[in-house]
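**Q** For reference, the structure I am asking about is given below.
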Amino acid sequence: MKGRDPSWQTAYLGGGCFWCTEAALRELAGIKDVVPGYAGGDVADPTYEQVCTGRTGHAELVRVTFDPGILSYADLLRIFFSIHDPTTPDRQGGDVGTQYRSVIFYASPEQERVAHEVRDEIAAAGLWPDPIVTEIQPLTAFYEAEAYHHDYFAKHPERGYCAAVIAPKVAKVRRLFYDRLALARS
């Protein structure tokens, strides 16, 4: 990647707990940055505590900055659909509430089109036994999460939630997408 000046793009993906999504996607080649945050609600600049009540309408999500020359938006979405359960409304495992919904926030008409295409492709492939409930919504605002949420898994791998919930998702990405990992390309 030396000497490369990519046209970075940004995706906004909610797949339950943002710690999980951040840790899993951070490993992929072509990813410049993954930032946890909130979107989709009606409270400006919400706090984690407010979002956790489930009353602000926000989802926990990540803002992913990526190089489409290495990882296309469509492929990023395909990976996203494999690292969380897109069939459970308002929950991921033991995390329950609207803040844990499966959602793609699009920032352009092209992203909206691709999001619908990939969601329909995944549904038609029958990869999940139940219907996909992932929402596709326009991004109106992204609010970056508090600093202590950033790179949470890397900072706290020994914590129970990290070991029991996040580590298996990271291992799944490493197993299923080995050829797409940043380390595999260096």
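The values are calculated or read from the model by the stated rules, or taken from the named source; none is laboratory data. Since we're looking at a predicted model, the values are computed, not measured. Cβ placement follows ideal geometry from the backbone for every residue including glycine, while neighbour counts extend to all protein chains displayed. Side chains are part of the model used for accessible areas, which takes the heavy atoms of the whole protein and leaves out ligands, DNA and RNA. Shrake-Rupley method; radii C 1.70, N 1.55, O 1.52, S 1.80 Å.
**Q** Among the numbered criteria (1) more than 16 Å from the chain's Cα centre (by Cα); (2) free of Cβ contacts under 8 Å to residues at least 60 places away in the same chain, which single criterion is violated by VAL62?
**A** For VAL62, the exception is condition (1).
**Q** Quick one: what pairs do we get from region 89-111, first residue in contact (Cβ under 8 Å) with a residue 40 or more places away in the chain, second part of a loop (DSSP other than H, G, I, E, B) and open to solvent by 50 Å² or more (accessible area, probe 1.4 Å), C-beta under 7 Å, 6+ apart or different chains?
**A** PRO89/VAL133; GLY97/ASP90; THR98/ASP90; TYR100/ASP90; ARG101/PRO89; ARG101/ASP90; SER102/VAL133
**Q** Which of the residues belonging to region 138-164 are open to solvent by less than 50 Å² (accessible area, probe 1.4 Å) and not in a loop (DSSP other than H, G, I, E, B)?
**A** Once the filter is applied, which keeps residues that are open to solvent by less than 50 Å² (accessible area, probe 1.4 Å) and not in a loop (DSSP other than H, G, I, E, B), region 138-164 yields HIS149, TYR152, PHE153, CYS162.
**Q** For a quick check of your reading of the model, give me the residue pairs whose first member lies in region 15-26 and is outside any helix (DSSP H, G or I), whose second is open to solvent by 10 Å² or more (accessible area, probe 1.4 Å), with beta-carbon atoms closer than 6 Å and at least 6 apart or on different chains.
**A** Within 6 Å, the pairs are GLY16/GLN92; GLY16/ASP95; GLY16/TYR100; CYS17/ASP95.
**Q** With respect to the numbered conditions (1) touching a residue at least 24 places away in the same chain (Cβ under 8 Å); (2) in contact with a strand residue (DSSP E or B) (Cβ under 8 Å, 6 or more places away or on another chain); (3) not in a loop (DSSP other than H, G, I, E, B), which one is the sole condition not fulfilled by LYS172?
**A** In the conditions (1) touching a residue at least 24 places away in the same chain (Cβ under 8 Å); (2) in contact with a strand residue (DSSP E or B) (Cβ under 8 Å, 6 or more places away or on another chain); (3) not in a loop (DSSP other than H, G, I, E, B), LYS172 misses (2) alone.
**Q** With the structure loaded, tell me whether THR21 is farther than 22 Å from CYS162 by Cα, at pLDDT 95 or above and either touching a strand residue (DSSP E or B) at 6+ places or on another chain (Cβ under 9 Å) or buried (at least 18 other Cβ atoms within 10 Å of the Cβ) (or both) or whether it fails that test. Steps first, please.
**A** On the way: farther than 22 Å from CYS162 by Cα: no; at pLDDT 95 or above: yes; either touching a strand residue (DSSP E or B) at 6+ places or on another chain (Cβ under 9 Å) or buried (at least 18 other Cβ atoms within 10 Å of the Cβ) (or both): yes.
No, not satisfied.
**Q** Identify the residue in region 40-51 that is in contact with an Asp or Glu (Cβ under 9 Å, 6 or more places away or on another chain) and either farther than 16 Å from THR140 by Cα or aliphatic (A, V, I, L, M) (or both) and, among all such residues, is least open to solvent (accessible area, probe 1.4 Å). Steps first, answer last, please.
**A** From region 40-51, those in contact with an Asp or Glu (Cβ under 9 Å, 6 or more places away or on another chain) are 40, 47-48, 51; that's our starting set.
Adding the requirement that they be either farther than 16 Å from THR140 by Cα or aliphatic (A, V, I, L, M) (or both) leaves 47-48, 51.
Details: THR47: 52, TYR48: 49, VAL51: 1 Å².
Only one residue fits best here, namely VAL51.
**Q** Right, here's the next one. Among GLN99, GLN92, GLN111, which is closer than 28 Å to PRO46 by Cα and either in contact with a Leu (Cβ under 8 Å, 6 or more places away or on another chain) or at pLDDT below 95 (or both)? Explain how you work it out, then say what you get.
**A** Details: GLN99 fails: either in contact with a Leu (Cβ under 8 Å, 6 or more places away or on another chain) or at pLDDT below 95 (or both); GLN111 fails: either in contact with a Leu (Cβ under 8 Å, 6 or more places away or on another chain) or at pLDDT below 95 (or both).
Going through GLN99, GLN92, GLN111 in turn, just one is closer than 28 Å to PRO46 by Cα and either in contact with a Leu (Cβ under 8 Å, 6 or more places away or on another chain) or at pLDDT below 95 (or both): GLN92.
**Q** For region 84-121, enumerate the residues that are farther than 13 Å from GLY54 by Cα, out of contact with any helix residue (DSSP H, G or I) (no Cβ under 8 Å at 6 or more places or on another chain) and open to solvent by less than 50 Å² (accessible area, probe 1.4 Å).
**A** ASP85, THR87, THR88, SER102, VAL103, PHE105, SER108
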